[in-house]
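Every number in this text was worked out from the coordinates using simple rules, so none of it is lab data. In this text, all values refer to a predicted model and were calculated from it rather than measured experimentally. Glycine also receives a Cβ, built like all others from the backbone with ideal geometry; neighbour counts cover every protein chain displayed.
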C-alpha cells in the first residue's frame, strides 16, 4: 500500500476512535471532567488529523497535535484515546524528521506532559506523568532506530549500486579493449594478406600472355594466401567466441608459424631470410603472438613500400626478453622516415607497449628500413 494512502486510512481511523472516545466516560473521576462540546471536538480533531502528515511534515504535525491535546487536558476535557495519535506522531518525529530537528520532538512531548501535569488534570498524577514520559520517549526512540536502519540500508544500497556501476564501467572498458584488439588483429591479417595478393595479382597480369605457367602459379599463390587468411581470421574470431558460445582455445599464431609467414612473402616475390636464435620454450604465448604480428607488419611494409628489395628477419630469444629485427634494402625508407608509419607501425608500438618494451623504426644508414623491437617478459618485464 502507498504510504500516503496508509497514513490517510490511519488518520481517519484514529480520528474516529479518538473523537468518539471524548463522548465516553473516563475510567477515573469522570464527574471531574467538563462535558464535551464543540471546542473539545475541534481540539480533538486537531489532535488526530495531523497523523496524515507524520511523514511529510513530522515536526509541525506533532507540535499541532501536542498543542491541541495540552489545551484539552489543561481545560479538564476528556482525552481518553487521544494520546494514541500523539504516540504515532512522536514516532514519526523520531523516524522521519531531519537529524537536527528530531530531538525537538522528544523535548516537545515531554514538555507538553510537564505542562499537563502542572495543570493538575483529574486523571493524571506524578507517577502517571513519568510513565507517559517513558512511553512517549520510547516511541521516539523506536522511530530513531527505524530511521538509523533505513539510513544504513540506503547506504548499503548506494554502495551496491556504486559497485555495480564500477563493474559495468570495467566491463565496458574490457569490451572496448577487446574490440580494439580485434580491430588490430584484423588490420594485421588483412593488410598483410592483401599486400601479398596484390603483388601476385600484378605479377600474374604481366606474365599471363607470355608465361601462363607463371600466371597460374601466381593465381595458386593468391588462392592459398586467401584460404590461409580466412582460416586465420576464423581462428582469431574464435578466440573471442566459439560457434557453441564458449571460449575457443585454439592457439594463436606464434614463433612456429613464422616460417610459413616468410614463405608466403617469398611467394609474393620478396626474398626473405629468417633466423631464430635461442630457444622459445620459456617465451609466453602472448609474447609469441606479438612477435608474429610485428614480423607480419614489418614484412607487409616491405611488400608495400620497399619496391624490389630483400628482407631479413631475426628473432633473438634471450632470457626474459625477445628481440625482433626486420630489415630491408629497398627504396621505401623515405616514405616511412617520420617514424609514424600509419596504422601498421602504430599497431607495433601498441603491442610492444603492452609488454613494457621498446620499438625503434627508421631508415638504415646504407639504405632501406629497419624495425627493432624488444619484448621483455618474466622478471625482465618489471
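A few comments on the model shown:
- Taking the average, over residues, of other Cβ atoms within 10 Å as the packing measure, peptides 160-169, 97-106, 83-92 rank 83-92, 97-106, 160-169 from highest down.
- Net length available on complete extension from residue 198 to residue 120 is 17.2 nm, with 0.36 nm assigned per residue and the Cα-Cα distance removed.
- In this rough spin-label picture, where each label sits 7 Å from Cα along the Cβ direction, the residue 130-residue 3 distance is 3.7 nm.
- Stokes-Einstein D in µm²/s, Kirkwood radius over Cα pairs - segment 3-124 at 37 °C with 0.692 mPa s viscosity: 229
- With a simple spin-label model that places each label point 7 Å from the Cα along the Cα-to-Cβ direction, the separation between residue 100 and residue 353 comes to 5.1 nm.
- Counted residue by residue at 0.36 nm each, then reduced by the alpha carbon distance between them, the extension gain from residue 25 to residue 227 reaches 62.5 nm.
- Computed on segment 64-136, with alpha-carbon pairs under 8 angstrom and 6+ residues apart, the relative contact order is 35 percent.
- Sorting 47, 67, 24, 79 by the number of Cβ atoms found within 10 Å of their own Cβ, with the fewest placed first, yields 24, 67, 79, 47.
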